[in-house]
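Engineer: Sharing a structure here in structure tokens format.
Derivation of every value follows stated rules applied to the coordinates shown; laboratory data play no part. In this text the structure is predicted, and so the values were computed from the model without any measurement. Methodologically, a virtual Cβ is constructed for each residue, glycine included, from the backbone with ideal geometry; neighbour enumeration extends over all protein chains shown.
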Amino acid sequence: MHNKAHRGEDAELYFEVHGSGEPVLLLHGFTGSGQDWKSTIEQWGTDFQLIVPDLRGHGRSGTLAKPFRHQDAAADLFALLDRLEIGACKGVGMSGGGNALLHMATGQPQRIKAMVLVSATPYFPAQTRAIMRQYPDTLSEAQREHLRSQHPGGDAQIRAILESARAFADSYDDMNFTPPYVATIQARTLIVQGDRDPLYPVEISFEMARAIPRSSLWIVPNAGHGPVAGERWPEFVSTAAAFSRG
């Protein structure tokens, strides 16, 4: 394993690389960090080179200098792959990390060979925008403590992340993928969604699965946003690793 910082055009990315083999990006969700994958590294086995970044403004990648955009995060990740001299890779993305993968797989389709999208979305529907607008005001003290444990920049870093979450409510040009556009994705794609996700209705995942040519859909029953957390996590990692080997 090695840890490095990669300085992009307007952000510095902290990342770790574990193992050798076929490169796989492991992308955490918005407000998370690369630490979210820590417990899974050994479960992936020896077939993969796992690239685990903290997305811009998250974890050890410093404080956001401007509102977070998934398209900017995708550009950071392409720059990281270039630095590592990796032409094409596979990827697993949770929520915001999955949204960044959508940008990667449409922006440079030949570079993403396969991807697993968990609780990702091609666009923000109205119900999502209402939740995002209120999200910073709804966090419990326990949730804020968890954020502090993941973000060394403290309250200033967390404040910038939460302000970006609120800004998503009025953003229409970042996550704005039409079915014809996602149909240009070449990657084998596994879409994972909870059937009771309050943020992204399950119907959106059906839309994506119909549009992406080589896609599969895993609907998790009685599950919300991030449906593979908790007791389902080991099964998910095994499934994602098997899919990435294909």
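Engineer: Report, by chain and number, residues whose modeled amide H sits under 5 Å from the one on K113, excluding near sequence neighbours (fewer than 5 apart, same chain).
Structural biologist: HN-HN under 5 Å from K113: C89, K90.
Engineer: Find the relative contact order for the range 52-139 and round it to a whole percent, using C-alpha pairs within less than 8 Å whose residues are 6+ positions apart.
Structural biologist: Once normalised by length, the contact order is 22 percent.
Engineer: Given the convex hull of the Cα atoms of the range 1-133, what is a quarter of its surface area in nm²?
Structural biologist: Computing the convex hull of the Cα atoms and averaging its projections yields 7.9 nm².
Engineer: Quick one: which residues, 5 or more positions from W218 or on another chain, have an amide H under 5 Å from its amide H? H modelled 1.01 Å from N in the peptide plane, none for Pro or chain starts.
Structural biologist: Amide H neighbours of W218, under 5 Å, 5+ apart: I191, V192, Q193.
Engineer: Quick one: of the DSSP bridges fully inside the chain, what percent are antiparallel, nearest 5?
Structural biologist: So the antiparallel bridges in the chain amount to around 30 percent.
Engineer: Now for a different question. GluC sites (Glu not before Pro), restricted to the range 1-109: which are DSSP loop and have at most 15 other Cβ atoms within 10 Å?
Structural biologist: E9, E85
Engineer: Right, another one. Just want to confirm a number: the relative contact order over the range 1-99, from Cα pairs under 8 angstrom separated by 6+ residues, in percent.
Structural biologist: Once divided by the residue count of the range 1-99, the mean separation gives 35 percent.
Engineer: Of all the C-alpha pairs in the range 187-246, what % are more than 17 Å from each other?
Structural biologist: Value for the range 187-246: 40 percent of Cα pairs lie more than 17 Å apart.
Engineer: What number, in percent, do you get for the relative contact order of the chain if the mean sequence gap of Cα pairs under 8 Å and at least 6 apart is divided by its residue count?
Structural biologist: Dividing the mean separation by the residue count of the chain yields 19 percent.
Engineer: Right, here's the next one. Check which residues have an amide H placed less than 5 Å from Y14's amide H, if you skip close sequence neighbours.
Structural biologist: Under 5 Å from the amide H of Y14 lie the amide H atoms of H6, D54, S61, each far enough along the sequence or on another chain.
Engineer: Which of Q186, T239, N222 sits closest to the plus end of the dipole of the range 174-246, meaning its Cα is farthest towards the positive end, when Lys and Arg get +1 and Asp and Glu get -1 on the C-beta?
Structural biologist: My answer, from the dipole projection, is Q186.
Engineer: Pick out which of S149, S216, S205 has the largest mean-square fluctuation in a Gaussian network model of the chain, springs linking Cα atoms closer than 10 Å.
Structural biologist: S149
Engineer: Which one, H225, H70, H146, has the greatest fluctuation when you compute a Gaussian network model over the chain with C-alpha springs under 10 angstrom?
Structural biologist: Per the Cα network of the chain with a 10 Å cutoff, H146 tops the list.
Engineer: Could you run the Debye sum over the Cα atoms of the range 139-246, one equal point scatterer each and no solvent, and tell me log10 of I(q)/I(0) at q = 0.12, 0.14, 0.15 Å⁻¹, two decimals?
Structural biologist: Here log10 of I(q) over I(0) equals -0.61, -0.81, -0.91.
Engineer: Treating the chain as a set of equal point scatterers at the Cα positions, no solvent, please give the Debye-formula log₁₀ I(q)/I(0) at q = 0.11, 0.16 Å⁻¹.
Structural biologist: -0.52, -1.22
Engineer: A further question follows. If R0 is 30 Å, what FRET efficiency do you get for R144 and S238 from their C-beta distance, rounded to 0.05?
Structural biologist: 0.40
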